[in-house]
Amino acid sequence: MNVVFLGATKGIGRAVARKLAERGDRIALIGRDVEDLKRSAADLEALGGSVPATIPCDLLDRATIEPALASAWEALGKVDAVVVTAGLFGTQDALEADADMRDRVLTADFTNTVHVCEASAVRLIEAGGGTLCVLSSVSGDRPRKTAYLYGAAKAGLSFYLEGLDLKYRDAGLKTVLIKPGFIKTGMTEGLPVPPFATVPEAIAPAIVRAIDRGTGVAYVPGIWRFVMLAICSLPKFVMRKLNF
Amino acid sequence: MRSVATPVLPVTRNATATSAATRLSGWGRSPVVEGLERIGEDLERLTRDVSLTRGLGRSYGDSSLPAKGGGTIASTRLADRILAFDPETGVLRAEAGLSLFALNRALLDRGWFTPVSPGTQFVTLGGMVASDVHGKNHHEAGTFGRHVSRLLLRAGSGDIVETGPDVERELFDATVGGMGLTGHILEVEVRLKRVNSPWIWSESETAPDFETLAERLVDAGRSWPYTVAWADLLHPSGRGILVKGRWAEPGEAPTTKFTWPGAVAIPFDMPGWAINPLSMRMFNALYLAKHGRRTRTGIAHPQSFFYPLDAILDWNRAYGSRGFTQYQCVIPKESGVAAAAKFARLVRETGGLPCLVVVKDFGPEGPGVLSFPKPGITFAIDLPVTDVTPGLVARLNDVVAAEGGRVYLTKDAFTSREHFRAMEPRLAAFDDVRRRWDPDRKIRSAQSVRLLGDNE
């Protein structure tokens, strides 16, 4: 499979990219730090993948998105899937206190991710179809006191991706919306660890399966579908009392 | 026991975790200290202001634990990328947090294996260098450090230094087996070993007493690359099993596709009384009875040959909540097999409840300044921690020091500074290197406070 990958250097993206590399996929890496991309490229190639290009792109700078996708398409020739795992995180307190940080998180996790998806969708549909896999979060399913700013960006992203899937699935674009629960990565380091927390390696196979099958929405690990079903059914007065 | 479906690298379970501080321990779960472990992908940034770097926490005692005033320590777990691999020469360069678990899964099937393997794959390359690990092929291959060609370090001074046997050699030699005290290991370059198949051809036999076992162990090393023995030191004879192995030729290997097995986990702490003289004697007797008296030969999976205990995650919980220690020492070759046998008898008499004791003969000493192995016979003895453990370790250390032997810092939690100094004439050379690269001894551990006199 030929994959354009934004966010393969760290966290869940690293684990997913490794699974793809292990089966010999060709992956064009897009990201902010080209030196870091090259280190990941070496890793993926040692695991059996091939990385024909490492391309600079800053998710906070919209102008870099389209040129990066163009280079990736050119390097791969044909593209089967675009995978977006990049994103920023901020705690609720930090996002309330710091307007600049708020702007960065909302821009990276919602606005510019949407721009990446729009540009990728056009290219994939033009070429006759393909898969667009994007990491959102369970925190976008229901606002909670401790994560509604980050959650709002992810809620917006999930909403957008579901709409994209409704409109363009028939045109050949399979939109795969991944909703990870709490995953222990560098991004979540220092946060209190809730139940069902796991590591990227444990959920990467499920994400690759969702990409291969074109699953519309996938909670990873699967238990989170039921956890969120329960949380979404709680009345508002209960949510006001809860501090999680 | 719960079965773990997806084989994922397990992380040593720490006592409890809060968002602020974590209670950290080594694999032996004793001692436990308060500390803050910082984790991230960028090791260069992570190590800028920490007092120690640890990997998967598989050293048994306090060598990966922060000193009391050590503040934050760094974890290499997420810095685990392969940076270069040459399939012609087998030279691999990787970030220090790459685990042997991941390396085995990535490269064994393609014909490459670590030149030296410890008894678990849940270790990182950085940890393998810091401990200068040895394995069943020590008599032939030496320690891991012998196969390392480059190390990228952040010295205590903050400088980033590339070292190797031909660059900054002094610092390199002190880092190999230096317990992470000479600098934070960022990257490791090592020459892997070519293997003809991922399977092992193994042969094992029983020996009626310790002297015979030790003699056959040394003999076997002349024709086998991998040798090890298990001795039943609870039995008056010190009987045991000798295991030999080599990589299978393609013609001998099974035709089925090679895969790695999963594992099961011990889901709770076993009660402290589960390990007692009777249960251990029975375990040892059953283990030997199961083997039988004949020689067993055949194909073995590398997991069961190199890492039998990796199949049981959290096996350290079998020793109960007080934890355990592994006493590992070497009795020098000059003292002869008789001295080793005498030591084996002492272990039995002191009543330390050793399960099967691992016995291995060491080849020549490597260049690592504080590296553990030296020619002789090594014993690795699991001991549950009780009130008498410090006294027991001291009695064993009296004998080891008198024979000119030494203990393995990676396993140690109870040796006194006096015993350590008596066993370690090389300490001055190690201190010299630290003085040069880390004059304020910013890098330190709970173990270096205990044994090397570093400030808390």
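Brief remarks follow.
- In segment B:130-152 there is no residue that is assigned to a strand (DSSP E or B) and free of Cβ contacts under 8 Å to residues at least 24 places away in the same chain.
- Of all residues in segment B:82-117, those that are among the charged types (D, E, K, R) and surrounded by 23 or more Cβ atoms within 10 Å (Cβ to Cβ) total 1.
- So A:Leu44, is it within 17 Å of A:Leu132 (Cα to Cα) and either in a loop (DSSP other than H, G, I, E, B) or of a type outside the set (D, E, K, R) (or both): no
- For segment B:360-390, a residue qualifies if it is modelled with pLDDT under 95, within 16 Å of the chain's Cα centre (by Cα) and not hydrophobic (A, V, I, L, M, F, W, C), and exactly one does: B:Asp382.
- Screening B:Ala394 on (1) aliphatic (A, V, I, L, M); (2) assigned to a helix (DSSP H, G or I); (3) surrounded by 15 or more Cβ atoms within 10 Å (Cβ to Cβ) shows it passes everything except condition (3).
- Single residue of B:Ala338, B:Ala344 found to be more than 24 Å from the chain's Cα centre (by Cα), among the hydrophobic types (A, V, I, L, M, F, W, C), assigned to a helix (DSSP H, G or I) and under 30 Å from B:Ala422 (Cβ atoms): B:Ala338
- Strands (runs of 3 or more DSSP E) wholly inside segment B:156-226 containing at least 2 residues that are touching a Leu at 6+ places or on another chain (Cβ under 6 Å) and either of a type in the set (Asp, Glu) or farther than 20 Å from B:Arg296 by Cβ (or both): B:160-163, B:184-191
- Residue satisfying all of: in segment A:45-67; away from chain B (no Cβ under 13 Å) and among the charged types (D, E, K, R); farthest from A:Ala81 (Cα to Cα) among these: A:Asp61
- Residue satisfying condition, being in contact (Cβ under 8 Å) with a residue 12 or more places away in the chain, buried (at least 24 other Cβ atoms within 10 Å of the Cβ) and not assigned by TED's automatic domain parsing to the domain that holds B:Trp224, within set B:Thr182, B:Thr120: B:Thr182
- The listed residues are B:Leu83, B:Leu107, and the only one of them that is closer than 30 Å to B:Arg222 by Cα, within 14 Å of chain A (Cβ to nearest Cβ) and either in contact (Cβ under 8 Å) with a residue 60 or more places away in the chain or over 21 Å from the mean Cα position of the chain (by Cα) (or both) turns out to be B:Leu107.
Each row is one residue, and each column tells you yes or no for (1) at pLDDT 95 or above; (2) in contact with a Leu (Cβ under 6 Å, 6 or more places away or on another chain); (3) part of a loop (DSSP other than H, G, I, E, B).
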| position | (1), (2), (3) |
| --- | --- |
| B:Gly61 | yes, no, yes |
| B:Ala74 | yes, yes, no |
| B:Asp80 | yes, yes, yes |
| B:Arg93 | yes, yes, no |
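- Scan segment A:61-88 for residues that are out of contact with any helix residue (DSSP H, G or I) (no Cβ under 6 Å at 6 or more places or on another chain) and either surrounded by fewer than 17 Cβ atoms within 10 Å (Cβ to Cβ) or modelled with pLDDT under 95 (or both) and the total you get is 7.
- Of the residues making up segment B:267-308, just one is open to solvent by 80 Å² or more (accessible area, probe 1.4 Å) and of a type in the set (S, T, N, Q), namely B:Thr297.
- Per the listing A:Gly7, A:Gly11, A:Gly77, the residue uniquely touching a strand residue (DSSP E or B) at 6+ places or on another chain (Cβ under 8 Å), on the phi > 0 side of the Ramachandran plot and away from chain B (no Cβ under 14 Å) is A:Gly77.
- Members of segment B:315-331 that are in a helix (DSSP H, G or I) and either in contact with an Asp or Glu (Cβ under 7 Å, 6 or more places away or on another chain) or surrounded by fewer than 23 Cβ atoms within 10 Å (Cβ to Cβ) (or both): B:Trp315, B:Arg317, B:Ala318
- Among the candidates B:Gly221, B:Gly158, B:Gly177, B:Gly251, residue that is more than 30 Å from B:Gly298 (Cα to Cα) and open to solvent by 10 Å² or more (accessible area, probe 1.4 Å): B:Gly158
- Boolean, B:Gly70 is more than 30 Å from B:Lys360 (Cα to Cα) and either surrounded by fewer than 21 Cβ atoms within 10 Å (Cβ to Cβ) or away from chain A (no Cβ under 11 Å) (or both): yes
- All positions within segment B:332-359 that are of a type in the set (Lys, Arg), modelled with pLDDT under 90 and either buried (at least 17 other Cβ atoms within 10 Å of the Cβ) or not assigned by TED's automatic domain parsing to the domain that holds B:Leu288 (or both): B:Arg348
- Exactly one residue among A:Ala17, A:Ala42, A:Ala21 is within 20 Å of B:Ala94 (Cβ to Cβ), of a type in the set (A, V, I, L, M) and facing chain B (nearest Cβ under 9 Å), and that residue is A:Ala42.
- Total residues in segment A:31-68, condition without any contact (Cβ under 8 Å) to a residue 12 or more places away in the chain and among the aliphatic types (A, V, I, L, M): 3
- When the residues of segment B:29-42 are filtered to those that are more than 11 Å from chain A (Cβ to nearest Cβ) and either surrounded by 22 or more Cβ atoms within 10 Å (Cβ to Cβ) or not acidic (Asp, Glu) (or both), the one that is farthest from the chain's Cα centre (by Cα) is B:Gly35.
- Residue list for segment B:43-63, restricted to those being out of contact with any helix residue (DSSP H, G or I) (no Cβ under 8 Å at 6 or more places or on another chain) and either away from chain A (no Cβ under 14 Å) or in contact (Cβ under 8 Å) with a residue 12 or more places away in the chain (or both): B:Leu43, B:Glu44, B:Leu46, B:Thr47, B:Arg48, B:Asp49, B:Val50, B:Ser51, B:Leu52, B:Gly57, B:Tyr60
- Some residue of segment B:413-421 being assigned to a loop (DSSP other than H, G, I, E, B) and touching a residue at least 60 places away in the same chain (Cβ under 8 Å): yes
- Extreme residue, farthest from the chain's Cα centre (by Cα), among residues of segment B:43-62 that are crowded, with 22+ Cβ neighbours inside 10 Å and more than 22 Å from B:Asp454 (Cα to Cα): B:Leu46
- Residue in segment A:50-59 that is in contact with a strand residue (DSSP E or B) (Cβ under 8 Å, 6 or more places away or on another chain), open to solvent by less than 30 Å² (accessible area, probe 1.4 Å) and assigned to a helix (DSSP H, G or I) present: no
- Test: residue in segment B:244-260 that is assigned to a loop (DSSP other than H, G, I, E, B) and more than 26 Å from B:Leu103 (Cβ to Cβ): yes
The values are calculated or read from the model by the stated rules, or taken from the named source; none is laboratory data. From a predicted model like this one, the values you see are computed outputs, not experimental measurements. Don't worry about glycine lacking a Cβ; one is built from the backbone with ideal geometry, like all the others, and counts go over all protein chains shown. What goes into the accessible areas is simple: the full protein's heavy atoms, side chains included, and nothing from ligands, DNA or RNA. Shrake-Rupley method; radii C 1.70, N 1.55, O 1.52, S 1.80 Å.
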